[in-house]
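Participant: Dropping a structure here in structure tokens format, bear with me for questions.
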Amino acid sequence: MENYYQILGVHPTASAAEIKRAYRKKAKELHPDTLDADSLTKVQTEAFHRLVQAYEILSDMHRRSVFDLSHATHHRAESSRGNSFDYRQWLLGRQDQESRARLIFFDLLHGREDEAVEEFVNMNSSHSDFDLAKWFCREDFMDYGFILCEELVIRARFYDAAQLLVRIIAMEQRCSYFRHFFPEVLSLGRNLWLNQLEGHVSDELALDAWESALDLALSPKDDAALLVRMTGAYFRMNDLYTARVCLEEALRLDGRVKIPLVLKKSVLEER
């Protein structure tokens, strides 16, 4: 399998600008127009075509991501035949955010779901600016990100899952991509926000997740249900004023929203 990074002479973590610079430099050396046509060899011609192909793959974020995963799989097979290179070990040895992000999705797609979840949670907690979406094309982030959300929920990492899911849904709202299974995404989100946050994470974290979900403006019914959950959290925190504001807004959005009796009596009826 061709190693496009090697052809361009760049590192696998090279930026788009570095890839472009390397291509321009090598293209000047290999382009047929810069060489004597009479002395141009088949090897030189093929080298230029390979250079162009490498640049076309690595300069396209989606095709580069696919290549990275395919190339890693290829090297895993080579390793099993005695080749010493191990892409995962190489990623593990690096601490930059791009390598850690690629490690998360690599593990997720190669039967290491526990490690992928652990690494994601660790990066999220230790780096406030960590952003998985930054290192992948939009389609790959949404596809793999949703799989990661499911794995986070399975392992009761509800807050991390909620925040990641909000990012995915916000992307879908801006530019539709996986409309054919978006109802499945919303179903996961509703179950997460309405049934799995309360009682499993602190009220402060739950409120943060619910407020992020409210920003999505999914529907009046969804927003009303979220506001009822927020009412309960503020009530438990003894902030009756904010609890009342949330509950009144929930009723304004959906007069038939289900409200626990204790909240009705404690928040609305006692003034």
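The values are calculated or read from the model by the stated rules, or taken from the named source; none is laboratory data. What you see is a predicted model, and the numbers here were worked out from it, not measured in a lab. Methodologically, a virtual Cβ is constructed for each residue, glycine included, from the backbone with ideal geometry; neighbour enumeration extends over all protein chains shown. Accessible surface areas use protein heavy atoms only, side chains included; no ligands, DNA or RNA. Shrake-Rupley method; radii C 1.70, N 1.55, O 1.52, S 1.80 Å.
Condition check ((1) among the aromatic types (Phe, Trp, Tyr); (2) more than 15 Å from residue 68 (Cα to Cα); (3) at pLDDT below 80; (4) surrounded by 11 or more Cβ atoms within 10 Å (Cβ to Cβ)) across all residues:
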site	(1), (2), (3), (4)
1	no, no, yes, yes
4	yes, no, no, yes
9	no, yes, no, yes
16	no, no, yes, yes
22	no, yes, no, yes
25	no, yes, no, yes
30	no, yes, yes, yes
41	no, yes, yes, no
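Participant: Under 9 Å between Cβ atoms, which residue pairs at least 6 apart in sequence (or on different chains) link something in segment 178-192 that is open to solvent by 70 Å² or more (accessible area, probe 1.4 Å) with a partner that is part of a helix (DSSP H, G or I)?
Facilitator: Filtered contacts from segment 178-192: 179/172; 184/146; 190/222; 190/225.
Participant: Quick one: would you say residue 228 is closer than 21 Å to residue 120 by Cβ, at pLDDT 95 or above and assigned to a helix (DSSP H, G or I)?
Facilitator: no
Participant: So, in segment 238-271, of the ones that are among the basic types (Lys, Arg) and open to solvent by 50 Å² or more (accessible area, probe 1.4 Å), which residue ends up farthest from residue 201 (Cα to Cα)?
Facilitator: Ranking the qualifying residues of segment 238-271, first place goes to 271.
Participant: Of all residues in segment 144-162, how many are surrounded by fewer than 18 Cβ atoms within 10 Å (Cβ to Cβ) and not β-branched (Val, Ile, Thr)?
Facilitator: Summing the residues that are surrounded by fewer than 18 Cβ atoms within 10 Å (Cβ to Cβ) and not β-branched (Val, Ile, Thr) in segment 144-162 gives 4.
Participant: Also, quick follow-up: Quick check on my filter: what residues within segment 150-180 are over 9 Å from the mean Cα position of the chain (by Cα) and within 14 Å of residue 197 (Cβ to Cβ)? So that I can check it myself, show each step before the final result.
Facilitator: Residues of segment 150-180 that are over 9 Å from the mean Cα position of the chain (by Cα), as a first pass: 150-163, 166, 169-180.
Result: 152, 153, 156, 157, 158, 159, 160, 161, 162, 163, 166.
Participant: Among the residues of segment 195-206, write down those that are more than 10 Å from residue 159 (Cα to Cα) and open to solvent by less than 40 Å² (accessible area, probe 1.4 Å).
Facilitator: Of everything in segment 195-206, just one residue is more than 10 Å from residue 159 (Cα to Cα) and open to solvent by less than 40 Å² (accessible area, probe 1.4 Å), namely 203.
Participant: Would you confirm whether any residue within segment 224-237 is free of Cβ contacts under 8 Å to residues at least 24 places away in the same chain and either polar (S, T, N, Q) or loosely packed, with under 15 Cβ neighbours inside 10 Å (or both)?
Facilitator: No, there is no match, as no residue in segment 224-237 is free of Cβ contacts under 8 Å to residues at least 24 places away in the same chain and either polar (S, T, N, Q) or loosely packed, with under 15 Cβ neighbours inside 10 Å (or both).
Participant: Kindly evaluate residue 165 against the criterion of being at pLDDT 90 or above, touching a Gly at 6+ places or on another chain (Cβ under 6 Å) and either open to solvent by 20 Å² or more (accessible area, probe 1.4 Å) or not aromatic (Phe, Trp, Tyr) (or both).
Facilitator: yes
Participant: Scan segment 121-138 residue by residue and report those that are open to solvent by 60 Å² or more (accessible area, probe 1.4 Å) and under 21 Å from residue 109 (Cα atoms).
Facilitator: Those that are open to solvent by 60 Å² or more (accessible area, probe 1.4 Å) and under 21 Å from residue 109 (Cα atoms): 122, 134, 138.
Participant: Which ones in segment 162-207 are on the phi < 0 side of the Ramachandran plot and outside any helix (DSSP H, G or I)?
Facilitator: Of everything in segment 162-207, those that are on the phi < 0 side of the Ramachandran plot and outside any helix (DSSP H, G or I) turn out to be 175, 176, 177, 178, 197, 198, 200, 201, 202.
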